[in-house]
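Trainee: Dropping the structure in here first, questions after.
The values are calculated or read from the model by the stated rules, or taken from the named source; none is laboratory data. Nothing here was measured: the structure is a model prediction, and the numbers come from that model. Here the Cβ is made from the backbone with ideal geometry for all residues, glycine too, and neighbour counts use every protein chain on show.
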Amino acid sequence: MTAQNTVARLNTPDEVALSKPRSLTRIALTRFLNHRMAVLGMVMLLFVFGFVTIGSLFFTEAQANWVDTARRLSPPSSEHLLGTDSIGRDVLIRSIYGGQISLLIGGFAVIVSISLGTLVGLVSGYYGGWIDSLLMRITEAMLSIPTLLLLLVLANFLGNRVGEITIFGRVLSGSVVVIIFIIGATSWMYIARIIRGNVLSLKRSEYVLAAEALGAPTRRIILLHILPNTLAPLVVAATLGVAQAILQEAYISFLGVGVKTPTATWGNILEGARSYIDDAPWLWLVPGTLILITVMGINFVGDGLRDALDPRSLK
Amino acid sequence: MFKYILRRLLQAIPLLFFISLVLFLLMQATGDPISAMGERNPMSEQAKAELSRALGLDQPAIVQYVYWLIGNDWVIVNERGEYGKRKGVLRGDFGISFMTRRPALTTVVERLPNTLLLMGTAQVVIVVVSLVVGIVGAVRQYSALDNLLTGLAFVMYSVPVFLMAYLLMYVFAYAFRQWGLPYLPTGGMFDPRVGQTFEQVARHMVLPVLTISLISIAGYSRFIRSAMLEVIHSDYIRTARSKGIHERRVLFVHGFRNAALPFVTLIGLDLPFLLAGAVVTESIFSWPGMGRLYIDHLQRSDFPVLMCILMMISLAVVIFQILTDIVYSLLDPRIRFD
């Protein structure tokens, strides 16, 4: 079915007229947009982004942290659209502002993990020798330690060390920064291995040898010749990494050692819900569903990117 | 083969030392167990210093690591000229728990059977159901059933553990109770009024096992399905069919045995991490296992117990990596080590 479609499409006059050589980016983009799951994933992510950004235009953060014990655990009503939590804070508004923090943590944790992983992978792969064996032993050791347990230890001990910080006029609990760094610091290993593997195979490629023969400095070879060619797997790993980071933040906040209140995240809204599963289902259903939509959206987009960027399936 | 196993075991030793060193230094750098003690009646500075000395926490981190590893019964630890009492991890002494004042190893090992019971049962359910779902999906590709299972798997794969757990609790514990149906318990291992009977434990296990299984099955069944599809479309399956072999025999003897190979690797490598995943599930369901122990002792910076749990899981990870390689080589005749 798909084969026939392609043939039919290529024969239309428009296609023939436009038959300039297509760039790899263009091919990847076309394939990504033809990937039904990926587009669905994009829609889900757009919904979540819209929810946390447009939502924050209607409510202020002060409202998100507003405690009103007289209205504790009130069910959804016209006043509190998605009900209130155990100390009377509005779940909808907390989910909006909590979502911003959860997404922020997901994004920045991945930036930290990509930077670390890329650095370790490039150095390890390009220099080889004892540096490589040392770094790979560390990577191996880190991979053998269960990440969640390590995160819990680090979050528990470091979470209170940083005071409140102010970003863009918003006062956030310092634990947000701590969580970003520890999630990043415990998730770089796969990236490092991907990059190292790519560097090892590219190092002997002719164009790198040519660059070396021309006397290009090592830094230039690594940054300009090798790194851009390892981008595709990096993009996929980074995308899926955001979902992992959001989940991990939710788990550690849920277990009570993550981001400290009053700063809301999807994870810590869920923290107090255990006692009210029956009486206040909105308390866990709302943040839980938002996490589900986000993670599912990211996973779909990640799969789409993997298929779109894989040169082996080039049609 | 024997040489290969021996080499892998020898390689594992430095790795484990490395893991323990990394973990130990992280623990040292991040917490102060003394400050977490005596919450209700704060200790004087002098008492703190004495306690810190008695526990050996006043030593430099690397010295503490050595004591932790090989014990301190060969050095004089106080001005009275007494030798230390600790034997070190290499002689099976993980130290004394700061919280319970009992050996850390005993504290952990007591909880281990509960975790193994929960996770072992879950693992059996996961393997059996994923195999069935995956094979059905592959054999009846693009049928209504396959599409339904695929759709479900896509959603389940992304469900966070707590959402799954709460949904199951909401339906099978609270809603069922309201509708007057037989409902399931949501926490603990048995009803203390009835006692730890087989029936009680089994009932309490249903929801946590379902929670863990449903999420894992989503990923594994997709894996089996694609492995099986790849095999079904290979030449030797076509040959087997054209020889007139019964379809069931083609699928299970010729097909499944080859499709299952990568699955063995996947399960083997994931198995020890299931122990770590127990932290969340056990906390939600108040299951008295190792994961819950970890959370309880985490809040008090109880290093000996935390290190003991972390090292046991890391050891399991390393051992399972080796076991998986060996089992794989036994199952796949194409792999030879010599």
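Trainee: Of the conditions (1) within 23 Å of A:Gly302 (Cβ to Cβ); (2) within 18 Å of the chain's Cα centre (by Cα); (3) modelled with pLDDT under 90, A:Gly184 clears all except one; give me its number.
Mentor: With (1) within 23 Å of A:Gly302 (Cβ to Cβ); (2) within 18 Å of the chain's Cα centre (by Cα); (3) modelled with pLDDT under 90 applied to A:Gly184, the lone miss is (3).
Trainee: Yes or no: B:Gly71 buried (at least 18 other Cβ atoms within 10 Å of the Cβ) and outside the structural domain of B:Leu306 (by TED's automatic domain parsing)?
Mentor: Spelling it out, B:Gly71 is indeed buried (at least 18 other Cβ atoms within 10 Å of the Cβ) and outside the structural domain of B:Leu306 (by TED's automatic domain parsing).
Trainee: So, in the range A:133-150, of the ones that are free of Cβ contacts under 8 Å to residues at least 24 places away in the same chain, of a type in the set (A, V, I, L, M) and within 14 Å of A:Val123 (Cβ to Cβ), which residue ends up farthest from the other protein chains (Cβ to nearest Cβ)?
Mentor: Ranking the qualifying residues of the range A:133-150, first place goes to A:Leu134.
Trainee: Select from the range B:295-318 the residues that are more than 10 Å from chain A (Cβ to nearest Cβ) and over 24 Å from B:Lys87 (Cα atoms) and list them in ascending order.
Mentor: Hit for the range B:295-318 is B:Asp296, nothing else.
Trainee: Among the listed residues A:Val153, A:Val123, identify the single one that is more than 14 Å from chain B (Cβ to nearest Cβ), crowded, with 17+ Cβ neighbours inside 10 Å and free of Cβ contacts under 8 Å to residues at least 24 places away in the same chain. Let's see the steps before the verdict.
Mentor: Values: A:Val153 fails: more than 14 Å from chain B (Cβ to nearest Cβ).
Among A:Val153, A:Val123, only A:Val123 is more than 14 Å from chain B (Cβ to nearest Cβ), crowded, with 17+ Cβ neighbours inside 10 Å and free of Cβ contacts under 8 Å to residues at least 24 places away in the same chain.
Trainee: Then there is this: Evaluate the range B:240-260: report whether one residue or more is at pLDDT 85 or above, in contact with an Asp or Glu (Cβ under 9 Å, 6 or more places away or on another chain) and not aliphatic (A, V, I, L, M).
Mentor: So far as the range B:240-260 goes, yes, one or more of its residues are at pLDDT 85 or above, in contact with an Asp or Glu (Cβ under 9 Å, 6 or more places away or on another chain) and not aliphatic (A, V, I, L, M).
Trainee: Quick test for you: out of B:Thr100, B:Thr115, B:Thr107, B:Thr150, pick the one residue that is assigned to a loop (DSSP other than H, G, I, E, B) and out of contact with any Asp or Glu (no Cβ under 6 Å at 6 or more places or on another chain).
Mentor: Numbers: B:Thr115 fails: assigned to a loop (DSSP other than H, G, I, E, B); B:Thr107 fails: assigned to a loop (DSSP other than H, G, I, E, B); B:Thr150 fails: assigned to a loop (DSSP other than H, G, I, E, B).
Of the residues listed, the single one that is assigned to a loop (DSSP other than H, G, I, E, B) and out of contact with any Asp or Glu (no Cβ under 6 Å at 6 or more places or on another chain) is B:Thr100.
Trainee: If you don't mind, there's one more thing I want to ask. I'd like the full set of residues that are hydrophobic (A, V, I, L, M, F, W, C) and either at the interface with chain A (Cβ under 8 Å from one of its Cβ atoms) or in a loop (DSSP other than H, G, I, E, B) (or both), limited to the range B:156-166.
Mentor: B:Val159, B:Val161, B:Phe162, B:Leu163
Trainee: Can I ask one more? Quickly run through the range B:97-126 and pick out the residues that are among the β-branched types (Val, Ile, Thr) and buried (at least 19 other Cβ atoms within 10 Å of the Cβ).
Mentor: The answer is B:Thr107, B:Val108, B:Thr115, B:Ile126.
Trainee: Here's a follow-up. Scan the range B:281-311 for residues that are surrounded by fewer than 18 Cβ atoms within 10 Å (Cβ to Cβ) and within 19 Å of A:Ile145 (Cβ to Cβ) and report the count.
Mentor: 0
Trainee: Shifting gears a bit: Please determine, by comparing only the residues of the range B:156-208 that are β-branched (Val, Ile, Thr) and in contact with a Leu (Cβ under 7 Å, 6 or more places away or on another chain), which one is nearest to A:Ile293 (Cα to Cα).
Mentor: Among those that are β-branched (Val, Ile, Thr) and in contact with a Leu (Cβ under 7 Å, 6 or more places away or on another chain), it is B:Val159.
Trainee: So, in the range A:279-306, exactly how many residues are within 9 Å of chain B (Cβ to nearest Cβ), crowded, with 23+ Cβ neighbours inside 10 Å and closer than 18 Å to A:Ala28 by Cα?
Mentor: Within the range A:279-306, residues that are within 9 Å of chain B (Cβ to nearest Cβ), crowded, with 23+ Cβ neighbours inside 10 Å and closer than 18 Å to A:Ala28 by Cα number 2.
Trainee: So which of A:Leu103, A:Leu135 is at pLDDT 90 or above and in contact with a Gly (Cβ under 9 Å, 6 or more places away or on another chain)? Reasoning before the result, please.
Mentor: Working: A:Leu103 fails: in contact with a Gly (Cβ under 9 Å, 6 or more places away or on another chain).
The conditions single out A:Leu135.
Trainee: Between residues in the range B:1-18 that are without any contact (Cβ under 8 Å) to a residue 12 or more places away in the chain and within 10 Å of chain A (Cβ to nearest Cβ) and residues that are part of a helix (DSSP H, G or I) and of a type in the set (Asp, Glu), which pairs lie under 9 Å by C-beta distance while being six or more apart or on different chains?
Mentor: Note: pairs meeting the criteria are B:Phe18/A:Glu140.
Trainee: Same structure, new question: Quick check on my filter: what residues within the range A:156-175 are more than 8 Å from chain B (Cβ to nearest Cβ) and either among the small types (Gly, Ala, Ser) or under 22 Å from B:Val161 (Cα atoms) (or both)?
Mentor: Filtering the range A:156-175 for residues more than 8 Å from chain B (Cβ to nearest Cβ) gives A:159-175.
Answer for the range A:156-175, where residues must be more than 8 Å from chain B (Cβ to nearest Cβ) and either among the small types (Gly, Ala, Ser) or under 22 Å from B:Val161 (Cα atoms) (or both): A:Gly159, A:Gly163, A:Gly169, A:Ser173, A:Gly174, A:Ser175.
Trainee: Right, another one. Can we say A:Leu231 is without any contact (Cβ under 8 Å) to a residue 60 or more places away in the chain, within 26 Å of A:Phe181 (Cβ to Cβ) and under 22 Å from the mean Cα position of the chain (by Cα)? Let's see the steps before the verdict.
Mentor: Values: without any contact (Cβ under 8 Å) to a residue 60 or more places away in the chain: yes; within 26 Å of A:Phe181 (Cβ to Cβ): yes; under 22 Å from the mean Cα position of the chain (by Cα): yes.
Taking the combined requirement at face value, the residue satisfies it.
Trainee: Considering (1) in a helix (DSSP H, G or I); (2) surrounded by 13 or more Cβ atoms within 10 Å (Cβ to Cβ), say which one A:Ile54 fails and leave the rest.
Mentor: All conditions are met except number (2).
Trainee: To continue, here is another question. Within the range A:23-38, count every residue that is within 14 Å of chain B (Cβ to nearest Cβ) and either in a helix (DSSP H, G or I) or touching a Leu at 6+ places or on another chain (Cβ under 7 Å) (or both).
Mentor: Taking the range A:23-38 first, the residues within 14 Å of chain B (Cβ to nearest Cβ) are A:35-38.
Next, from what is left, pick out any that are either in a helix (DSSP H, G or I) or touching a Leu at 6+ places or on another chain (Cβ under 7 Å) (or both): A:36-38.
Residues in the range A:23-38 being within 14 Å of chain B (Cβ to nearest Cβ) and either in a helix (DSSP H, G or I) or touching a Leu at 6+ places or on another chain (Cβ under 7 Å) (or both): 3 in total.
Trainee: Return yes or no: is A:Gly267 in contact (Cβ under 8 Å) with a residue 60 or more places away in the chain, outside any helix (DSSP H, G or I) and within 14 Å of another protein chain (Cβ to nearest Cβ)? Break it down stepwise before answering.
Mentor: Numbers: in contact (Cβ under 8 Å) with a residue 60 or more places away in the chain: yes; outside any helix (DSSP H, G or I): no; within 14 Å of another protein chain (Cβ to nearest Cβ): yes.
So A:Gly267 fails the test.
Trainee: Filtering the range B:295-338 down to residues that are in contact (Cβ under 8 Å) with a residue 60 or more places away in the chain and assigned to a loop (DSSP other than H, G, I, E, B), which residue is farthest from B:Ala165 (Cα to Cα)?
Mentor: Step by step, filter the range B:295-338, then rank; the result is B:Asp338.
Trainee: So is A:Ser275 over 17 Å from A:Gly41 (Cα atoms), part of a helix (DSSP H, G or I), more than 10 Å from chain B (Cβ to nearest Cβ) and over 20 Å from the mean Cα position of the chain (by Cα) or not?
Mentor: Here the answer is yes, as A:Ser275 does meet what is asked.
Trainee: Can you confirm whether the range A:248-256 contains a residue that is within 11 Å of another protein chain (Cβ to nearest Cβ), at pLDDT below 85 and in contact with a helix residue (DSSP H, G or I) (Cβ under 9 Å, 6 or more places away or on another chain)?
Mentor: Yes: one or more hits.
Trainee: Evaluate the range A:93-102: report whether one residue or more is more than 24 Å from A:Ile183 (Cα to Cα) and exposed (fewer than 15 other Cβ atoms within 10 Å of the Cβ). Before you say what the answer is, go through the steps one by one.
Mentor: Going through the range A:93-102, the residues more than 24 Å from A:Ile183 (Cα to Cα) turn out to be A:93.
Next cut, exposed (fewer than 15 other Cβ atoms within 10 Å of the Cβ) only: none.
No, the range A:93-102 has no match at all.
Trainee: Next up: Scan B:Arg238, B:Arg249, B:Arg222, B:Arg292 and give me the residue that is among the charged types (D, E, K, R), farther than 26 Å from A:Ile277 by Cβ, in a helix (DSSP H, G or I) and within 14 Å of chain A (Cβ to nearest Cβ).
Mentor: After ruling out the rest, the residue left standing is B:Arg222.
Trainee: Filter the range A:131-152 down to the residues that are more than 22 Å from the chain's Cα centre (by Cα) and of a type in the set (A, V, I, L, M) and list them by number.
Mentor: The answer is A:Ile131, A:Leu134, A:Leu135, A:Met136, A:Ile138, A:Ala141.
Trainee: Could you please find all residues in the range A:226-247 being hydroxyl-bearing (Ser, Thr, Tyr) and modelled with pLDDT of 85 or more?
Mentor: Within the range A:226-247, just A:Thr239 meets the criteria.
Trainee: Closer than 25 Å to B:Arg257 by Cα, surrounded by fewer than 17 Cβ atoms within 10 Å (Cβ to Cβ), touching a helix residue (DSSP H, G or I) at 6+ places or on another chain (Cβ under 6 Å) and in contact (Cβ under 8 Å) with a residue 12 or more places away in the chain: does that describe B:Val231?
Mentor: No: the conditions fail for B:Val231.
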